[in-house]
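Computed from the coordinates by the stated procedures, all read-outs in this text should not be read as laboratory data. Treat the numbers as computed from the prediction; the structure is a model and nothing was measured. Note that each Cβ is placed from the backbone with ideal geometry, even for glycine, and that neighbours are counted across all protein chains shown.
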Amino acid sequence: MTAPLASVLFVCVHNAGRSQMAAGFLRHLAGDRVEVRSAGSLPGDRINPAAVTAMAELGIDISDQTPKVLTPEAAQASDYIVTMGCGDTCPYFPGKTYLDWQLDDPAGQDVEAVRPIRDEIKTLIEGLVADIDAKKHTEQHAEKLAS
């Protein structure tokens, strides 16, 4: 088993919708090539049922996930920290790659309203996977040239 190419932490306020959908997409698209975490600054008590339904429509099951509190340890252990609407409540750790994705909050929305958010997250995740792959390829190429 080889080490993951990167570790990604998705953070939103409740860790019940956006960050859970993003984590589900990344697990689905990158498999074990990327370590995936998600957390919230004020985690909810359960995952948004509309987010679970919207993801299930694409064959991705996030129903077994639970909202988790954001800890400094989770952030420190991550290469990428992707924030989604948590504003000033998201901590900053030097040396991490930060991405701030401006996404509508699916809280209280029905599945019809969540689908466009889900689809936007999928597009962002596809770009993130491509960036991680390209960065790792560039690092490996530089290591070969240096040796």
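Tell me, what is the FRET efficiency for Thr123 and Asp32 to the nearest 0.05, using R0 = 25 angstrom and their Cβ-Cβ distance as r? That pair, Thr123 with Asp32, gives E of 0.65.
Label sites at Phe93 and Ala77, each approximated as a point 7 angstrom past Cα along Cα to Cβ, lie 0.9 nm apart.
Dipole magnitude of region 9-72 about its Cα centre, charges +1 at Lys/Arg Cβ and -1 at Asp/Glu Cβ only, in debye to the nearest 20?
Roughly 180 debye for region 9-72.
Look at the Cα gyration tensor of region 1-81: its axes a ≥ b ≥ c give a/c of at least 1.5 with a/b at or below b/c, and that counts as oblate.
Here Lys68 is the anchor, and the aspartates and glutamates within straight C-alpha reach of less than 13 Å, apart from those fewer than 8 places off in the same chain, are Asp45.
Taking 0.36 nm per residue of separation and subtracting the Cα-Cα distance, full extension of the segment from Glu112 to Asp100 would add 1.9 nm. Of the residues Ser78, Val52, Thr66, the one whose Cα sits farthest toward the positive end of the charge dipole of region 1-121, with +1 on the Cβ of Lys and Arg and -1 on the Cβ of Asp and Glu, is Ser78. Got a sec? Which residues in region 6-36 would a label at Ala134 touch, if it sits 7 Å along Cα→Cβ and we count backbone N under 15 Å? Zone members listed by number: none at all. So what's region 48-120 giving for Rg/Rh, alpha carbon basis, Kirkwood Rh from the mean inverse pair distance? The Rg/Rh ratio comes out at 1.01.
What Kirkwood hydrodynamic radius, in Å, does the chain give when the mean of 1/r is taken over all pairs of distinct Cα atoms and then inverted?
Mean inverse Cα-Cα distance, inverted, gives 15.6 Å.
Over the chain, what relative contact order in percent results from Cα pairs under 8 Å that are six or more residues apart?
29 percent
About its Cα centre, the chain has a charge dipole of approximately 300 debye under the convention of +1 per Lys or Arg Cβ and -1 per Asp or Glu Cβ, with nothing else charged.
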